[in-house]
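Chemist: Here it is: the structure, laid out below.
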Amino acid sequence: MVLDTTFKKEDHSGSFYTHKEFENCRFENCDFTDADLSNSCFNECVFVDCNLTKVRLKNTTFNDARFVDCKMIGIIFSEMNFFLVSLQFENCNLEFSSFANANLKATPFNDCKLTDVDFTDADFSQGLFANCDLKNAIFDQTDITKADLTTAYNFSIDPEENQLKGAKFSKDGLAGLLKKYKLDIR
């Protein structure tokens with residue numbers, strides 16, 4: 001187990017970090033592009049300005065993990081271990097990633113680029129999508145009950161195909177809920 005360690009400007013691209021355990025660690029400006037983090041555990045870890053593009057997360061656990069200013073393109077989050085999972089995303093680029101079938105209740109996304117992200121069959125109830133770009137994001141059988149999307153934009157969510165009870169939207173966001181009806185909303 002690696003405890004209380006800060007990693008700075010390290011290149012781990014293409015590396016295998018399987019079956020590792022990190023607790024209270026900080027990763028700054030590290031490159032994990034195409035790295036395999038499968039079966040690893042990250043407890044109370046922070047990733048700042050890291051490139052995690054296309055990392056493999058099969059059965060990986062994140063407990064109280066925070067990602068700030070990270071590039072996280074094409075990650076299949078649905079392969080993670082969701083037991084005790086707790087994630088926070090701030091100013092991250094998560095384009096083309098998949099959260100399909102993920103159970104990430106109350107997960108906050110702040111100022112994130114979530115374009116072309118798949119949220120199919122996922123549970124993001126009570127989540128926060130603050131100032132997030134959701135262009136071409138897929139919401140199909142997604143639970144966003146009591147989620148806050150008041151400042152999210154570019155989304156298209158079909159209320160008949162998703163669970164929205166108690167979700168918060170701004171008046172400007174209503175067009176994204178009615179897109180399938182092809183209305184002229186001004």
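Values quoted throughout were computed directly from the atomic coordinates according to the rules given, and no laboratory measurement underlies them. Predicted, not measured: the structure shown is a model, and the values here were computed from it. We place every Cβ from the backbone using ideal geometry, glycine too, and count neighbours over all the protein chains shown.
Chemist: Can you list the lysines whose alpha carbon sits under 17 Å from that of Lys105, skipping same-chain ones fewer than 8 residues off?
Modeler: Lys146, Lys165, Lys168
Chemist: For Lys71, go through the lysines and keep the ones whose alpha-carbon is under 20 Å away, minus same-chain ones fewer than eight residues off.
Modeler: Lys8, Lys9, Lys54, Lys58, Lys113, Lys135
Chemist: Sticking with this structure for a sec: What does the convex hull of the Cα atoms come to per residue for the range 94-178, in Å³?
Modeler: Output value, Cα hull per residue: 66 Å³.
Chemist: Across 10 Å bins from 0, what is the distribution of all Cα-Cα pair distances for the range 1-86, in whole percents?
Modeler: P(r) over the range 1-86, rounded to whole percents: 20, 61, 19, 0.
Chemist: Let me ask something else. Quote the charge dipole size of the chain about the Cα centre in Debye, to the nearest 20; the model charges only the Cβ of Lys and Arg (+1) and of Asp and Glu (-1).
Modeler: Rounded to the nearest 20 debye, it is 480 debye.
Chemist: Still on this structure: Would you mind calculating the relative contact order of the chain from Cα pairs under 8 angstrom and at least 6 residues apart, reporting the percent as a whole number?
Modeler: Numbers: 606 pairs, mean separation 20.4, N = 186.
Computed over the chain, the figure is 11 percent.
Chemist: At R0 = 30 Å, how high is the FRET efficiency between Ser156 and Thr18 if r is their beta carbon distance? Nearest 0.05 is fine. Kindly include the intermediate steps, with their values, before the conclusion.
Modeler: Working: r = 37 Å, r/R0 = 1.25.
In this case the efficiency is close to 0.20.
Chemist: Roughly speaking, what is the stretch gain from Leu174 to Asn39, that is 0.36 nm per residue apart minus the C-alpha to C-alpha distance, in nm to one decimal?
Modeler: Taking 0.36 nm per residue and subtracting the Cα distance, the gain is 44.5 nm.
Chemist: Among Cys25, Cys132, Cys70, determine the one that fluctuates most according to a GNM of the chain built with springs between C-alpha atoms less than 10 Å apart.
Modeler: Cys25
Chemist: Something else now. Quickly estimate the mean residue ellipticity at 222 nm for the chain, helices only: each DSSP H run with n ≥ 4 gives -39500 (n - 2.57), and the total goes over all residues, rounded to 500. Walk me through the numbers on the way to the answer.
Modeler: Working: 1 runs with 5 residues, N = 186.
Roughly -500 deg cm²/dmol at 222 nm, from the helical runs in the chain.
Chemist: Per 0.36 nm of contour for each residue apart, how much would the distance between Asn63 and Asn91 grow if the chain were fully extended, relative to their Cα-Cα spacing? Intermediate values should be presented prior to the final figure.
Modeler: Working: separation 28, 0.36 × 28 = 10.08 nm, distance 1.95 nm.
Result: 8.1 nm gained on full extension.
Chemist: Given springs between every Cα pair under 10 Å in a Gaussian network model of the chain, which of Phe83, Phe124, Phe109 has the largest fluctuation?
Modeler: Result for the chain, Cα springs under 10 Å: Phe83 fluctuates most.
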